[in-house]
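The values are calculated or read from the model by the stated rules, or taken from the named source; none is laboratory data. Here the structure is a predicted model, which means the values were calculated and not measured. Cβ: placed from backbone, ideal geometry, glycine included. Neighbour counts: every protein chain shown.
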Amino acid sequence: MTVFIREKNGKYYLVTRYYEGSRRREKWEALKDIDLENLYKALKIKEEIEKQTVEVPCMNPYCSNTILMTPQQKQDLLISFKKKYDKLVLVCCSKECQQKVLDILEN
């Protein structure tokens, strides 16, 4: 299912595209001014959140994946956790990468 906004004859519609069996269908719902305003606000918030995310690399040296988090989460992870618990946190993107890092550290 895909959802997007379309303009037709000066009015805005929320279009939901889906499949019914093998046939593609679309459902068009007219957006009222208040709905459109709220949708724009939500999109603006989403853009702000996306701007505020940072990529932290997976600690497995053989992996090139990154983990998205907020700057505050990164600060807590790298600074606060060490100060509070006297432990270092190594972020991994999966259980497999976590196990690989643990294997490397044990040897």
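Points to keep in mind about this one:
- Output for region 64-95, where each listed residue is over 20 Å from the mean Cα position of the chain (by Cα) and in contact (Cβ under 8 Å) with a residue 24 or more places away in the chain: LEU90
- Any hit, region 91-103, residues being exposed (fewer than 12 other Cβ atoms within 10 Å of the Cβ), in a helix (DSSP H, G or I) and modelled with pLDDT under 85: no
- The strands (runs of 3 or more DSSP E) located wholly in region 15-81 that include 1 or more residues which are farther than 30 Å from GLU96 by Cα occupy 23-30.
- Test: residue in region 23-41 that is at pLDDT 85 or above, touching a Lys or Arg at 6+ places or on another chain (Cβ under 9 Å), not assigned by TED's automatic domain parsing to the domain that holds GLN99 and not charged (D, E, K, R): yes
- Flag for ASP35 being surrounded by 10 or more Cβ atoms within 10 Å (Cβ to Cβ) and in contact with a Phe, Trp or Tyr (Cβ under 9 Å, 6 or more places away or on another chain): yes
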